[in-house]
1. Note the count of lysine pairs whose C-alpha atoms are less than 18 angstrom apart in region 2-178, limited to pairs 8 or more residues apart or on different chains.
2. Pairs of Cα atoms under 8 Å, at least six residues apart: use those to get the relative contact order of region 90-184, whole percent.
3. Give the residue from S104, A179, C134 lying farthest towards the positive end of the charge dipole for region 66-184; charges sit on Cβ (+1 for Lys and Arg, -1 for Asp and Glu) and the dipole is referred to the Cα centre.
4. Taking Cα pairs under 8 Å and at least six residues apart, what relative contact order does the chain come out at, in percent?
5. Calculate how many DSSP beta bridges within region 2-178 are antiparallel, expressed in % of all such bridges and rounded to the nearest 5.
6. So I have (1) 15.5, 42; (2) 45.6, 141; (3) 16.1, 55, and one of them is Rg and Dmax of the Cα atoms in Å calculated from this model. Which one is it?
7. Compare the peptides 130-142, 51-63 by average per-residue count of other Cβ atoms within 10 angstrom and give them in order, highest first.
8. Going highest first, how would you order 113-119, 143-149, 25-31 by mean Cβ packing within 10 Å?
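Each value in this text was obtained by applying a stated rule to the coordinates, not by laboratory testing. All figures in this text were calculated on a predicted structure; none of them were measured in a lab. With ideal geometry, Cβ positions are generated from the backbone for all residues, glycine too; neighbour counts draw on all protein chains shown.
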Amino acid sequence: MTITPTPLDGCIIITPRIFNDDRGYFFESYNTQTFNNAVGYEVNFVQDNQSFSTRGVFRGLHLQKGEHSQAKLVRVTKGEVLDVAVDLRQKSATYGQYHAVLLSEENHQQFFIPRGFAHGFIVLSDVAIFQYKCDNYYNKAAEGGLHFADPDLNINWGMPAAELLVSEKDLQLPFLKDAGDLGF
């Protein structure tokens, strides 16, 4: 595996070593020891999630607040998405900044997002299957998020806003300046 740091401290991109032959391919998608060595601390994933979406579907920017915050290891097993993490750690040098990664069934890359970040993605292909591991259980009372079109974040989603399919719930999310204390 190749580990690539991003400009956001703690966020890394993991690219597996792929073994191809006339039968297809093989790669190790996860190894606890290798992963923990890469991030520099022990992460105990407790929940796996999967979503299916079509072109233009936007999911995010979601987070779990305070003690319920979640680190995530995300990947795409079908299709292609633009995946985004926003640093919400108030003492971080990159607070309010984002990093975007193109994840696809072709590049097999994974994106690790530590606790203290909002996370979202947009589907760029006709369909996408998105999978992610979380190191903390979902807690409805702790859910939160940020509006995808926050002008202060200025995220380039790679698609006109008019083409996005956004849930009513996500359209009601606040801008960062109005989000209040998120517990990071």
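1. Qualifying lysine pairs in region 2-178: 10.
2. Dividing the mean separation by the residue count of region 90-184 yields 33 percent.
3. The residue sitting farthest along the positive end of the dipole is C134.
4. The value is 29 percent.
5. 95 percent
6. Among (1) 15.5, 42; (2) 45.6, 141; (3) 16.1, 55, the one calculated here is (3).
7. 51-63, 130-142
8. So the peptides 113-119, 143-149, 25-31, ranked by packing, come out 113-119, 143-149, 25-31.
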